[in-house]
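First the structure, in the form of structure tokens, and then the observations on it.
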Amino acid sequence: QKEVEQNSGPLSVPEGAIASLNCTYSDRGSQSFFWYRQYSGKSPELIMFIYSNGDKEDGRFTAQLNKASQYVSLLIRDSQPSDSATYLCAVNGANDYKLSFGAGTTVTVRA
Amino acid sequence: KAGVTQTPRYLIKTRGQQVTLSCSPISGHRSVSWYQQTPGQGLQFLFEYFSETQRNKGNFPGRFSGRQFSNSRSEMNVSTLELGDSALYLCASSSRTGVGYYEQYFGPGTRLTVT
């Protein structure tokens, strides 16, 4: 079982719709969870982090964490063509000085 | 505040050669991590340094090594290059010093091509 798994893509959504990205992780002791956005040919950019169960909102992005289910998600509201990118879920284990990354989900927003 | 910088940005090497990549973290960040990104394997952790000490190492052969200097700048070295080492090498820095809550910020990466 991979440490971090993301829903397979690609995900295509119309402009203005909600894009929903999911991620599960295997280390029950994981403490912190991150979403990175990576445009083609660029490096990952941190867009959200969440440490506690529940929702965290930042602009059009909402991260949701459920530690009991070992599940973290990212919602992108009012999707824009500029949101077209690969989204990477990353998890920091309980005793790690590293991030474990999922394979990424590629999102395409159709104008 | 300036971001993470990496040099060089692009590199072409021949099998059997060695290469050294450099990373300067965000000012004030003392933790530096290195990752390898390939289309097939995704983002994989190489190693992490803090105060010139390697605290964590990923599952890579001994040909991959690194070090950190007193000013937190870091270098990674790959010896005896193989074709499979062609990848984007990413450096990330963090202001965190302990386990958990480990926000990391990435540099632009070094694209290494081995021929």
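The values are calculated or read from the model by the stated rules, or taken from the named source; none is laboratory data. Everything numeric here is computed off the predicted structure, so don't read it as measured data. FYI the Cβ positions are ideal-geometry reconstructions off the backbone, even for glycines, and counts take in every protein chain you see. For the accessible areas, the whole protein counts, side chains as well, though only heavy atoms, and no ligand, DNA or RNA atoms are used. Shrake-Rupley method; radii C 1.70, N 1.55, O 1.52, S 1.80 Å.
Here are the numbers for the structure shown:
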{"quantity": "Burial of 30 Å² or greater, segment B:69-115 residues [accessible area, probe 1.4 Å, versus chain by itself]", "calculated": "B:99, B:100, B:101, B:102, B:103, B:104, B:106"}
{"quantity": "Partner chain coverage, peptide A:43-52 - average Cβ within 10 angstrom", "calculated": "4"}
{"quantity": "Accessible solvent surface per residue of chain B, calculated while the other protein chains remain in place, 1.4 angstrom probe, Å²", "calculated": "46"}
{"quantity": "Where chain A is the region considered: accessible area per residue in Å², 1.4 Å probe", "calculated": "46"}
{"quantity": "For chain B, alpha-carbon Rg and Dmax in angstrom", "calculated": "13.4, 40"}
{"quantity": "Cα centroid separation - segment A:41-111 against segment B:1-27, whole Å", "calculated": "27"}
{"quantity": "Size of electric dipole in the protein assembly as shown: Cβ of Lys, Arg +1 and of Asp, Glu -1, about Cα centre, debye, nearest 20", "calculated": "500"}
{"quantity": "Lys pairs under 28 Å by Cα in the protein assembly as shown, provided they are eight or more residues apart or on distinct chains", "calculated": "18"}
{"quantity": "Sulfur and carbon atoms: percent of accessible area, segment B:4-72 [1.4 Å]", "calculated": "45"}
{"quantity": "Accessible surface of chain A [probe 1.4 Å, protein heavy atoms]: carbon and sulfur percent", "calculated": "45"}
{"quantity": "Three-way shape label, segment A:1-105, alpha-carbon gyration tensor, a/c 1.5", "calculated": "prolate"}
{"quantity": "Heavy-atom accessible surface that A and B bury in contact, both chains counted, 1.4 Å, Å² to 100", "calculated": "1800"}
